[in-house]
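Notes follow once the structure below has been shown.
The values are calculated or read from the model by the stated rules, or taken from the named source; none is laboratory data. Quick caveat: nothing in here was measured; it's all calculated off a predicted structure. Cβ: placed from backbone, ideal geometry, glycine included. Neighbour counts: every protein chain shown.
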Amino acid sequence: MSKNEIRNDALLKRHGYASALWPATRNALETQLAQIVAPHLFGAGIVAGYHPMRDEISPYSVLDGLGHGQRAALPWFLDRDARMMFREAPATEAGPWGVLQPAAEAAALAPDIVLVPLVFADRRGTRIGHGKGHYDRALSHLRDGGSVRTIGIAWDIQISEAVLDPDPWDIPLDAIATPTEWIDCR
């Protein structure tokens, strides 16, 4: 299957899975995700998440549990053609695609850890996203400026047992967390 076919199939499966969850079940799974991720955030001053769209698992349970002195950041776009950057949470304004993002006046931050949404990923850290390349470009820029750790977060059904073929521009994930599992990809 092509990358687009894999993406479309995974989006359908994610939608079916997430839409079948009762709100209490979804909340419990996202709480379990936060418990799995929390020990891996030790020492990080700035943790970036994202405002979930469609059927994505929410990172807010992770961000809400950050410790003393840790700050949460979220993606921010000036316009549709701009490179994604991170600004201090909360998400209060609609961005160029209608997804909530921080205010333009919020502090610009360079995260130590980025919680990365995904459509599908393998256990080596090869990630398929929505296909626009925003995260790959932003992560490449962050890594050029220093070190940043990436943790993909997903529902369990979004993890491929088969190896995915990365494109040359794909930035591999360092780890992946689901509500039931931590996967070291490095």
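Could you tell me whether region 92-110 includes any residue that is of a type outside the set (A, V, I, L, M, F, W, C), within 17 Å of residue 46 (Cβ to Cβ) and touching a Leu at 6+ places or on another chain (Cβ under 9 Å)? Give the derivation first.
As a first pass, look at region 92-110 and keep what is of a type outside the set (A, V, I, L, M, F, W, C): 92-93, 95-96, 98, 101-102, 105.
Going one step further and asking which of them are within 17 Å of residue 46 (Cβ to Cβ), we end up with 101-102.
Keeping just the survivors that are touching a Leu at 6+ places or on another chain (Cβ under 9 Å) gives 101-102.
Taking every residue of region 92-110 in turn, at least one turns out to be of a type outside the set (A, V, I, L, M, F, W, C), within 17 Å of residue 46 (Cβ to Cβ) and touching a Leu at 6+ places or on another chain (Cβ under 9 Å).
Any residue in region 64-82 that is free of Cβ contacts under 8 Å to residues at least 24 places away in the same chain and of a type in the set (Gly, Ala, Ser) sitting within a Cβ distance under 9 Å of a residue that is assigned to a loop (DSSP other than H, G, I, E, B) and surrounded by fewer than 17 Cβ atoms within 10 Å (Cβ to Cβ)? List the pairs, counting only those 6 or more apart or interchain.
Hits for this filter: 82/96.
Answer yes if at least one residue in region 139-146 is at pLDDT 95 or above and either of a type outside the set (Lys, Arg) or assigned to a strand (DSSP E or B) (or both), and no otherwise. Break it down stepwise before answering.
Of all residues in region 139-146, those at pLDDT 95 or above come to none.
Taking every residue of region 139-146 in turn, none turns out to be at pLDDT 95 or above and either of a type outside the set (Lys, Arg) or assigned to a strand (DSSP E or B) (or both).
Kindly indicate whether any position in region 139-153 is within 21 Å of residue 185 (Cα to Cα), in contact with a Lys or Arg (Cβ under 8 Å, 6 or more places away or on another chain) and of a type in the set (Val, Ile, Thr). Steps first, please.
We begin by selecting, within region 139-153, every residue within 21 Å of residue 185 (Cα to Cα); these are 139-144, 146-153.
Among the residues that remain, those that are also in contact with a Lys or Arg (Cβ under 8 Å, 6 or more places away or on another chain) are: 141, 152.
This time we only want the ones that are of a type in the set (Val, Ile, Thr), so: none.
No, region 139-153 contains no residue that is within 21 Å of residue 185 (Cα to Cα), in contact with a Lys or Arg (Cβ under 8 Å, 6 or more places away or on another chain) and of a type in the set (Val, Ile, Thr).
Kindly indicate which of 48, 44 is crowded, with 20+ Cβ neighbours inside 10 Å, closer than 23 Å to residue 184 by Cα and among the hydrophobic types (A, V, I, L, M, F, W, C). Before you say what the answer is, go through the steps one by one.
Numbers: 44 fails: crowded, with 20+ Cβ neighbours inside 10 Å.
Matching residue, one of 48, 44: 48.
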